[in-house]
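Encoded as structure tokens, the structure appears first; notes follow it.
Just so it is clear, none of the values below were taken in a lab; they were calculated from the coordinates. Not measured: the values here are computed from a predicted model. Every residue, glycine as well, gets a Cβ built from its backbone with ideal geometry; the counts of neighbours run over all protein chains shown.
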Amino acid sequence: MNSTKFRSHCPITTGIDVIGDKWTLLIIRHMLFRHKHTYGELLDMKERIATKILAERLKTLAGDGLIEKRNHPTNKKVFLYTLTDKGIGTIEIMAKIINFSVTHYRTQMMTKPVDKTKLSYIYTHAKNEETFIKDAKSSYIKFRKKLLNF
């Protein structure tokens, strides 16, 4: 199983080594907010990740303990990918990135008609950041429990 190679003991460098590449937070976003849990579903993101990159990132995310890979109970050709509690913990980082983007790049967030499923909309219409984080965690944990208990 792959895991991240750390460059130093600096906490910022360590965090960047784990989640600072181009794809990791987008994969986690897709899992956490869109409840995607198979390779095919994860491959189907609008940012168009390459299949080889997705496969590599999933191995590394599992090696780092951010996701778990399980056999599908009824289809041996399909695996289920779910976030661990550590993976769910990235929501705080994503909330800060969303806040930064909504605050400083609002026009980028509003280039298309209002889509109530967009993170920027959900974030800006939440009661506050803590509620946004709490609701997102709770929603994913319920989804994961239902998915894994079939």
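I'm spelling it out carefully: the read-out is percent of Cα pairs over 27 Å apart, the candidates are [x] 41; [y] 31; [z] 25, and one was derived from this structure. Which label?
Checked against the structure: label [z].
Report the net charge of residues surrounding D64, where surrounding means a beta-carbon distance below 15 angstrom and charges are Lys +1, Arg +1, Asp -1, Glu -1.
Details: positive: K5, R7, R57, K59, K69, K86; negative: D17, D21, E56, E68, D85.
For residues surrounding D64, the net value is +1.
Exactly which trypsin sites (Lys or Arg not before Pro) in the range 1-78 are in a DSSP loop and have at most 12 other Cβ atoms within 10 Å?
Details: sites: K5, R7, K22, R29, R34, K36, K46, R48, K52, R57, K59, K69, R70, K76, K77; in loops: K5, R7, K22, K36, K46, R48, K76, K77.
For trypsin sites (Lys or Arg not before Pro) across the range 1-78 that sit outside H, G, I, E and B with at most 12 neighbouring Cβ atoms in 10 Å, the list reads K5, R7, K22, K46, R48, K76, K77.
Work from the charge dipole of the chain (Cβ charges, +1 for Lys and Arg, -1 for Asp and Glu, about the Cα centre) and give the residue of T131, I19, L119 farthest towards its positive end.
Checking the options against the dipole of the chain, the answer is L119.
What dipole magnitude, in Debye to the nearest 20, does the chain give about its Cα centre under +1 on Lys/Arg Cβ and -1 on Asp/Glu Cβ? Don't jump to the answer; show the numbers that get you there.
Numbers: 28 positive and 14 negative charges, 91 e Å.
Taking the Cα centre of the chain as origin, the dipole is about 440 debye.
In a shell of Cβ-Cβ distance under 13 Å around D17, excluding D17 itself, what net charge do Lys and Arg (+1) and Asp and Glu (-1) give?
Around D17, the surrounding residues sum to 0.
Roughly how many debye, to the nearest 20, is the charge dipole of the range 1-84 about its Cα centre, given +1 on each Lys and Arg Cβ, -1 on each Asp and Glu Cβ, and no other charges? Show your work: numbers first, answer last.
Values: 15 positive and 8 negative charges, 48 e Å.
Here the range 1-84 has a charge dipole of around 240 debye.
Among residues other than F79 whose Cβ falls under 13 Å from its Cβ, what is the net charge (Lys/Arg +1, Asp/Glu -1)? Before the final figure, lay out the partial values.
Numbers: positive: K36, K59, K69, R70, K76, K77; negative: E41, E68.
Summing Lys and Arg as +1 and Asp and Glu as -1 gives +4.
In the range 34-109, which GluC sites (Glu not before Pro) fall in coil by DSSP and have 11 or fewer other Cβ atoms within 10 Å? Don't skip to the end; give the middle numbers.
Working: sites: E41, E47, E56, E68, E92; in loops: E47.
In loop regions of the range 34-109 (DSSP not H, G, I, E or B), the sparsely surrounded GluC sites (Glu not before Pro) are E47.
How much mean residue ellipticity at 222 nm does the chain get from its helices, if each DSSP H run of length 4 or more adds -39500 (n - 2.57) and you divide by all residues, to the nearest 500 deg cm²/dmol? Display every interim value, and only then the final one.
Working: 9 runs with 87 residues, N = 150.
So the helix-based figure for the chain works out to -17000 deg cm²/dmol.
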